[in-house]
């Protein structure tokens, strides 16, 4: 799992949002009904939102981003991969702000 999270982070950093989404999807499917599954769903939605924004689908991007925010609230200090989740969360926000500033 840790390697998947590290690769997800690397892809987000390189702005390979679709590819990042794919990295976590199988992991998410295996645990979708758990807290970890919901957190992974949120991270996947964060990447998907950024890809949609890049494609000019701003309304869809915003809807998916709201789902990301809903699940990001589940990240707490007791999560097994807390530090990884937080690092990813910070980068998703930075990339979103960058995309928005480019299109203004």
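Being in contact (Cβ under 8 Å) with a residue 12 or more places away in the chain and crowded, with 20+ Cβ neighbours inside 10 Å: is that true of residue 11 here? For residue 11, the condition - in contact (Cβ under 8 Å) with a residue 12 or more places away in the chain and crowded, with 20+ Cβ neighbours inside 10 Å - is not met.
Would it be correct to say that residue 42 is assigned to a helix (DSSP H, G or I), within 26 Å of residue 103 (Cβ to Cβ) and touching a residue at least 40 places away in the same chain (Cβ under 8 Å)?
Values: assigned to a helix (DSSP H, G or I): yes; within 26 Å of residue 103 (Cβ to Cβ): yes; touching a residue at least 40 places away in the same chain (Cβ under 8 Å): no.
Considered against the rule, which asks whether it is assigned to a helix (DSSP H, G or I), within 26 Å of residue 103 (Cβ to Cβ) and touching a residue at least 40 places away in the same chain (Cβ under 8 Å), residue 42 comes out as no.
Residues in the stretch 67-76 that are surrounded by 18 or more Cβ atoms within 10 Å (Cβ to Cβ) and in a helix (DSSP H, G or I): 68, 71, 72.
Please pick out the residue among 98, 90 that is within 14 Å of the chain's Cα centre (by Cα) and in a helix (DSSP H, G or I).
Details: 98 fails: within 14 Å of the chain's Cα centre (by Cα).
Unique residue meeting the criteria: 90.
Residues in the stretch 77-93 that are without any contact (Cβ under 8 Å) to a residue 12 or more places away in the chain and either surrounded by 12 or more Cβ atoms within 10 Å (Cβ to Cβ) or touching a helix residue (DSSP H, G or I) at 6+ places or on another chain (Cβ under 7 Å) (or both): 3 in all.
Summed over the stretch 23-54, the residues that are at pLDDT 95 or above and either loosely packed, with under 14 Cβ neighbours inside 10 Å or on the phi > 0 side of the Ramachandran plot (or both) give a count of 0. Within the stretch 18-39, being touching a residue at least 40 places away in the same chain (Cβ under 8 Å) and farther than 15 Å from residue 86 by Cα holds for one residue alone: 35.
The values are calculated or read from the model by the stated rules, or taken from the named source; none is laboratory data. Bear in mind the structure is a predicted one, so any value in this text is a computation, not a measurement. Quick reminder, even Gly has a Cβ in these numbers, built from the backbone with ideal geometry, and neighbours come from all protein chains shown.
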